[in-house]
1. Just name the residue that is farthest from B:HIS68 (Cα to Cα) out of those in the range A:104-143 that are more than 9 Å from chain B (Cβ to nearest Cβ) and hydrophobic (A, V, I, L, M, F, W, C).
2. I'd like to verify a number: residues in the range B:81-109 that are within 14 Å of the chain's Cα centre (by Cα) and modelled with pLDDT of 50 or more, how many?
3. Being aliphatic (A, V, I, L, M) and over 27 Å from A:TYR75 (Cβ atoms) is the filter here; which residues of the range A:234-255 pass it?
4. Of all residues in the range A:228-253, which are aliphatic (A, V, I, L, M) and either within 22 Å of A:PHE114 (Cα to Cα) or loosely packed, with under 12 Cβ neighbours inside 10 Å (or both)?
5. How many residues are outside any loop (DSSP other than H, G, I, E, B), hydrophobic (A, V, I, L, M, F, W, C) and more than 15 Å from A:GLU242 (Cα to Cα) if we restrict to the range A:204-225?
6. Could you give every pair whose Cβ atoms fall below 8 Å, whose first residue belongs to the range A:65-81 and is over 15 Å from A:TYR143 (Cα atoms), and whose second residue is modelled with pLDDT under 80 and of a type in the set (Val, Ile, Thr), counting only separations of at least 6 or pairs across chains?
7. What number of residues in the range B:19-32 are over 16 Å from B:ILE234 (Cβ atoms) and either in a loop (DSSP other than H, G, I, E, B) or in contact with a Gly (Cβ under 7 Å, 6 or more places away or on another chain) (or both)?
Amino acid sequence: MHELLLFGQIPRSRHEQVLKILAGVAAMQPRRVLERHIVYKPLREPEEPGAHLRRGGTQNVTSKNIKQAAAKDLYFTQLVQQLSEEDFDVSNAQGSSLTTASDSGAEAKWAYEFRDIPDTGDRGVLVRLTNSTDIMGGDPHAYVLNLGNQFVSEYYLEGHRFVHENVVILLFRILHEPGVRSLETSPRDTLPSFASLQPLDPSSAYILEAKIRVQDLNNPAVLDAGVDELKRFKTQMRGCVEISVPDRLLLDTRVKWKPKTSVQPPARPVQAGVR
Amino acid sequence: MKYSGLYHIPIAHNTPEASTTVLNALIHSIETKFDLAVRQLPWSLTHRLLRSVPPPTAQSPLPQSYQHILQLSYLNPSQTYCYIHPFSAIHPSHPANPQIKPDPSPSTTQQPQASAAPGTIISIPVSQSEAHIGFLVNQLSPLWAFRHALNVVNGPAYATGQFVIHLGDLRASRPGSASVTSTSGIVVCISTAIEDDDDDDDDLRDSGYMSLDGEVEEEIDLGEAQAQIRALWIMLKEGVEFGKAEPREYMMSKELVKGEREKEAVVRMWCELLRLRS
């Protein structure tokens, strides 16, 4: 599934006002959104770009010319858990475990999400491929690890959602537990208290995300209609929120190749003349 | 609680008529030997197998993992199961004993060296299973590669009092040519309801009553259920010609717990069969 995206930024002081304006535009009350995002990345390191070209073929004349496939990208992926205010209130170990024992009737709380880097090209909106798989039962964390990933970090998303015709508007900010992040090797078993979460952005600004989901990009009529609708929403919100297209590299979810430095820094300064 | 055993009769790939013959012979055998056999709704199975891809710079063969995407209509019509389990690179030799225990405990000696970890299972909605497989194969292509796809379509099922028998013709579907399918053999799944020792009340059997009384679960004798299933199989296959094929047996693992774990054990049993096809 593909998404068409536009973003805007709102300072903390204007949050309530924008919330009311959006409620008027969408003609609905805001729906509270609380999510926990757990970020994973693949265990293996990405290859050096161009390494596949250096891996030579054989000199054997009779063998087929085997082209080494281009190195495929490795991506960061996420597990997203839908939460509610009550989940944070439970202070004992019973609160939101990592495994879901839900049967087919209950709504899935966990989803495994993948987002690709937005496409190049300038349509006036960002276009990216995304996939989300709801997990109905089993241990989502163990499954993602077994897919070949390792835990990176987790954060929380707090905000409100509106739906205005085909546009899904999310007004949110990111929260996290300060200071704990670098020590973690696996997600928390119990949720922290809501009061202990701090905004990632110290100024506590909110982000407005306007999104239209498109099932199939091969249909140009549908795609153009979606782009037009998103642009109309942008015009509609002009004066209230400045909505624009951010740089696509800011939303890059690929794992970057880190070169291993072979030169060690000297342990002590080198003195001229000393052998 | 239901306990199941699985039998697989391998049949050469390009003889779909042979598998239909064997399937009809088995159906005939059920209908003649059991007066009370009642035909149930047909069932279906969809299976995709993915294998983990080693990093391109790896020298020695690394242990690989298999990922099964399995949907069994009689087990759960709305969910698809994804089961990942590790499997060492040692190629399993064909065991002289046709039994293969799916239990990965290190105590079984004829077992190919499977890792001790039992693997993880999650369930996802059926509607999203195709998209999920597409994501795994396309976006996670450095990590997972598609191996094969197997289907059972409209498999007959019979209920004979104590047992429920599901039969099916396992077909491998090639992504390109949808019309030409090759057969991988016949599968027969025999399920029997296990009588818990002191539970005479049918109504409470499925409601988790046993879980209140922890000790009773361990006393459930799965060995007897296995013996019953084997006896039924022997009776079923009497008089049915399998040709050169030797049927192989797969049983559910012994550490069976009620509720959700029971479904997981069924999935593991099926995946044990469906993996060795490759």
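1. Per the criteria, the residue is A:VAL125.
2. 3
3. In the first step, residues of the range A:234-255 are kept if they are aliphatic (A, V, I, L, M); the result is A:237, A:241, A:243, A:245, A:249-251, A:255.
Within the range A:234-255, A:MET237, A:VAL241 meet the criteria.
4. Taking the range A:228-253 first, the residues aliphatic (A, V, I, L, M) are A:230, A:237, A:241, A:243, A:245, A:249-251.
Within the range A:228-253, A:VAL245, A:LEU249, A:LEU250, A:LEU251 meet the criteria.
5. Within the range A:204-225, residues that are outside any loop (DSSP other than H, G, I, E, B), hydrophobic (A, V, I, L, M, F, W, C) and more than 15 Å from A:GLU242 (Cα to Cα) number 6.
6. Every condition considered, no pair remains.
7. Taking the range B:19-32 and keeping what is over 16 Å from B:ILE234 (Cβ atoms), we get B:19-24, B:27-28, B:31.
Now drop any that are not either in a loop (DSSP other than H, G, I, E, B) or in contact with a Gly (Cβ under 7 Å, 6 or more places away or on another chain) (or both), which leaves B:19.
Residues that pass the stated criteria total 1.
The rows are residues; the columns are (1) at pLDDT below 55; (2) among the polar types (S, T, N, Q); (3) within 27 Å of the chain's Cα centre (by Cα).
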position: A:TYR40; (1), (2), (3): no, no, yes
position: A:GLY56; (1), (2), (3): no, no, no
position: A:GLN59; (1), (2), (3): no, yes, no
position: A:THR62; (1), (2), (3): yes, yes, no
position: A:GLN68; (1), (2), (3): yes, yes, no
position: A:VAL80; (1), (2), (3): no, no, yes
position: A:ASP87; (1), (2), (3): no, no, yes
position: A:THR100; (1), (2), (3): yes, yes, yes
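The values are calculated or read from the model by the stated rules, or taken from the named source; none is laboratory data. The structure presented is a predicted model; accordingly, all values stated were derived computationally and were not measured. So basically every Cβ, Gly included, is an ideal-geometry build from the backbone, and we count neighbours across all protein chains shown.
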